[in-house]
Amino acid sequence: MSSKWHQKKAKLAAEQFERELQSMGENSDRVKNQTTDVAMGGGEEQFYEKKLSKEEKKALAAKKREEKKKAKLKASGKLTEEDEKNEGEDELKKADMVLAAAMANMNGEGDEDGRRTEWNPEAEKLASEGTICTYASSRKGVDARSRDVNVQNFTLQHKGFVMLDGTSIVLNHGNRYGLIGRNGCGKSTFMKVLGARAVPIPGGIDIFHLKEEIEPSDTVTALEAVMSVDEERERLEKEADDLNHALTALTEAADNPDAAPSVGGEDDKLTLDEKQEILMDLLNSTYERLDALDADTAETRARSILQGLGFTHAMQSKKTKDFSGGWRMRVSLARALFIQPTLLLLDEPTNHLDMEAVIWLEDYLSKWDKILLLISHSQDFLNNVTTHTIHFTNKRKLEYYDGNYDQFVKTKSELEENQMKQYNWEQDQIKGMKEYIARFGHGTSKNAKQAQSKQKVLDKMVRAGLTEKPEVEKPMNFKFPDPGHLPPPVLAFHDVSFGYPNCEPLYTDVNFGVDLDSRVALVGPNGAGKTTLVKLMSGELQPTLGDIRPHGHLKIGRFTQHFVDVLDLEKTPLEFFDTVYPGTPREDQRKYLGRFGISGKMQVQKMAELSDGQKSRVVFAKLGRDAPHILLLDEPTNHLDMESIDALAKAVNEFEGGMVLVSHDMRLISQVAKEIWICDHKTITKYRGDIQNFKMDMRAQMDLDDGSGGKSAAKGKLRGDASVMKKSEEELEKEKKKRENAKSKSSSMSNGGKKSSAFDSLLSPKPREGSDIAAPSSKPDTDKTGDAWDVTEIKETLPKAEPTPEPIPERKKYIPPHLRNKK
């Protein structure tokens, strides 16, 4: 038996049903009209319930809370109509202030926190150091909602030297740019200008410029340093609250647009819809940043990034003061990757990384979906990371190219070739016209009129602008002289063990030898002892056990990561060489330095003012002057440009002595190394294979294979990877057989669609004598031996037909390196 509550509920339901039936006739016309509107493409907002976004739901919830609070106050008599009116005006004023800050960002006057600033301390610091930049500004300013950087007519000066003149800066969201150029052209200075916001950058774009290591601290661990983004999160949450309140106030004022105070002057008045659109865009970007800094996954992401950069679980808990400068730079890099800024500026990020960390960073950055501007002199790294290339030219311009470094080289060479053809054509035309004018330009004859016409054509060509002759950059010519012959063994290790005091031994019972024909590359994780092994070879360190036996006349030349220590930075390169090598004529010193790219003003400029790459060249010039028997090169490419690396590789290959190389630059290793030695597990192991095989093995061990799960034969391929292999001969042979089978099947159905018989092969035309073209064979795939028919006489009596030429094979379409693995 049902209760009274159930009976009452059933009664109410029946009454509601009766009311719906009565109103059905009244609403039928309205429903019909709405349905018609929807069918014609309109009326969706009335007919369907609008789906609110995450931000709109939050704003609506905040509005309901405020209305509920006001209703309680009004019911209790604490809120009068006058107070409610004043409060509404205050809310509109606050919304106007928030909107004014957004408008300041749109005019390019906001800092990275989105606040209006009249003074930029970082830009002032750059100016005090002699770095000045100018640009074309727009009356409308910069749209704070834009996700791209676009600066026109940009000029950059450093200590009076013009680095860029009248160029443009274009960085689009979603692109990864590689910035390349000669040492000393101003790449790092240009990146500092962007990092300091010395140019108009939309306020919605946050920037992280990796320029220095994190401060050493005895209270903050490496993990805590990476996760210390609480200030950023709190700022963004406060900004989101302010935007929500402003949006709520504008929504309430939507019924009375005149109540919303204007922003700016009469000419700059915005409507309520425009204000709401601006605030909604800013709110969306703020919530995106908050989602990226999600606290729930913060520790997991931070540990993953640190592990990829070489930090073990124990190292992540160490204080930052216990790390060296290189490891603190890794912490700073991990922080940049963790924060995930809209614009990430990286200047030589691989300098302090081992090969394993370089491979991990390469894979991580290849998936960066915002704006990345990268300075690197590793061709392999650039090929696998970048989607666009910016060339810092000698003409003080920035030239933009689509594609990675390999594609840039190909495109640039094609453009220069076409430019040279156009230049030669124009010069030939000018020469012919000038000769004609000089010969027939005088008098009143018919030829004189033609000469005048040619003069007009020539003047028109000059006014329109002639094609410039492509400038060929002067190549550098590194050279290490022949040191003379030394009989082996030149440098031998016998049962060598070594360890630093109070530490585990790095090497135990190591045996190997280095001769004048050795070309060795040392690879291995950081801390395995690669640099220590080089110090043992040079005699800087002595083994704890065992014996190192160098040849009595052995002379070793060493390039270290701290190469600046061998230079006197207060002297010029010429003065330094005059001090180290007295008695050499000044002109000979100039010529020798010029071969290593130290020419012109650089020779008389203090080395403290030179770039790191230019200082490296001075050290290499000193190495060549010392004429060593064995070169020990520890990360020599950290600051060299592409041209210098190629010159170094050429010099090493022509060198008659030995070489031991420690480097993460796979391009240089592939150019100069004949052997790869792995330093790990307290010993030295020779690797069977080249550096690209080693890279693929490393990627497989790190589970970085793209979608293959480690099972693909061509594992680890990246877009634009220089290590992408060609098809094997077996695959090509299989494809060739398939094509031949397809042709034989198609030919068998010719002649009216009749089936071919065994005799058809007897009638196949023979090629003429002396002809190089053979007739295609229609022989079946399975060769038959012991033919029962003797058809020799029949063949001789058949007329000789014209040979059927083989179809011309299709020319293989060129596939750029960064697309070769796409199918």
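The values are calculated or read from the model by the stated rules, or taken from the named source; none is laboratory data. Please read these numbers as outputs of a predicted model, since none were measured by experiment. Cβ sites come from the backbone with ideal geometry, for glycine too, and all protein chains shown count toward neighbours. The accessibility values were calculated without ligands, DNA or RNA, using every heavy atom of the protein model including side chains. Shrake-Rupley method; radii C 1.70, N 1.55, O 1.52, S 1.80 Å.
Scanning the stretch 494-505 for residues that are open to solvent by less than 80 Å² (accessible area, probe 1.4 Å) and touching a Leu at 6+ places or on another chain (Cβ under 8 Å) turns up Val496, Ser497, Phe498, Gly499.
Against the definition (more than 30 Å from Met163 (Cβ to Cβ), open to solvent by less than 10 Å² (accessible area, probe 1.4 Å) and either under 29 Å from the mean Cα position of the chain (by Cα) or touching a residue at least 60 places away in the same chain (Cβ under 8 Å) (or both)), how does Ala240 come out, yes or no? No; evaluated as a whole, the condition is false for this residue. Per the listing Val193, Val199, the residue uniquely modelled with pLDDT of 85 or more, aliphatic (A, V, I, L, M), assigned to a loop (DSSP other than H, G, I, E, B) and in contact with a helix residue (DSSP H, G or I) (Cβ under 9 Å, 6 or more places away or on another chain) is Val199. Of all residues in the stretch 502-528, count the ones that are at pLDDT below 90 and on the phi > 0 side of the Ramachandran plot. Number satisfying all stated conditions: 3. The set of residues in the stretch 529-566 being modelled with pLDDT under 90 and either of a type in the set (A, V, I, L, M, F, W, C) or in contact with a Gly (Cβ under 9 Å, 6 or more places away or on another chain) (or both) consists of Gln561, Phe563, Val564, Val566. Tell me which residues, restricted to the stretch 659-707, are on the phi > 0 side of the Ramachandran plot and surrounded by 23 or more Cβ atoms within 10 Å (Cβ to Cβ). Correct list: empty. Does Thr297 satisfy the condition of being assigned to a helix (DSSP H, G or I), modelled with pLDDT under 85 and open to solvent by less than 20 Å² (accessible area, probe 1.4 Å)? Judged against the criteria, Thr297 is not a match.
Scanning the stretch 446-478 for residues that are in a loop (DSSP other than H, G, I, E, B) and either among the hydrophobic types (A, V, I, L, M, F, W, C) or modelled with pLDDT of 90 or more (or both) turns up Leu466, Val472, Met476, Phe478. Close contacts from the stretch 536-549, counting a first residue that is under 11 Å from Phe498 (Cα atoms) and open to solvent by less than 80 Å² (accessible area, probe 1.4 Å) and a second that is part of a strand (DSSP E or B) and among the acidic types (Asp, Glu), with Cβ to Cβ under 6 Å and a gap of 6+ residues or different chains, come to Gly546/Asp495.
Screening the stretch 300-325 for residues that are among the β-branched types (Val, Ile, Thr) and surrounded by fewer than 15 Cβ atoms within 10 Å (Cβ to Cβ) and picking the one that is farthest from Gly203 (Cα to Cα) gives Thr312. Taking the criterion of being touching a Leu at 6+ places or on another chain (Cβ under 7 Å) and either at pLDDT 75 or above or not basic (Lys, Arg) (or both), the residues of the stretch 207-236 that qualify are Ile207, Phe208, His209, Leu210, Ala222, Leu223, Val226, Val229, Glu232, Leu236.
Here's the yes/no breakdown for (1) under 23 Å from Pro636 (Cα atoms); (2) polar (S, T, N, Q); (3) modelled with pLDDT of 95 or more:
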residue	(1), (2), (3)
Lys367	no, no, no
Lys370	no, no, no
Gln379	yes, yes, no
Asn384	yes, yes, no
Thr389	no, yes, yes
Thr393	no, yes, no
Lys397	no, no, no
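Looking at Leu516, Leu533, just one residue is closer than 25 Å to Leu668 by Cβ and not in a loop (DSSP other than H, G, I, E, B), and that residue is Leu533.
Filter the stretch 453-477 down to the residues that are farther than 30 Å from Lys650 by Cα and in contact (Cβ under 8 Å) with a residue 12 or more places away in the chain, then identify the one that is surrounded by the fewest Cβ atoms within 10 Å (Cβ to Cβ). Restricting to residues being farther than 30 Å from Lys650 by Cα and in contact (Cβ under 8 Å) with a residue 12 or more places away in the chain, the top hit is Glu468.
Can you tell me which residue is surrounded by the fewest Cβ atoms within 10 Å (Cβ to Cβ) among those in the stretch 634-646 that are touching a residue at least 60 places away in the same chain (Cβ under 8 Å) and within 19 Å of Thr393 (Cα to Cα)? Among residues in the stretch 634-646 that are touching a residue at least 60 places away in the same chain (Cβ under 8 Å) and within 19 Å of Thr393 (Cα to Cα), the one surrounded by the fewest Cβ atoms within 10 Å (Cβ to Cβ) is Glu643.
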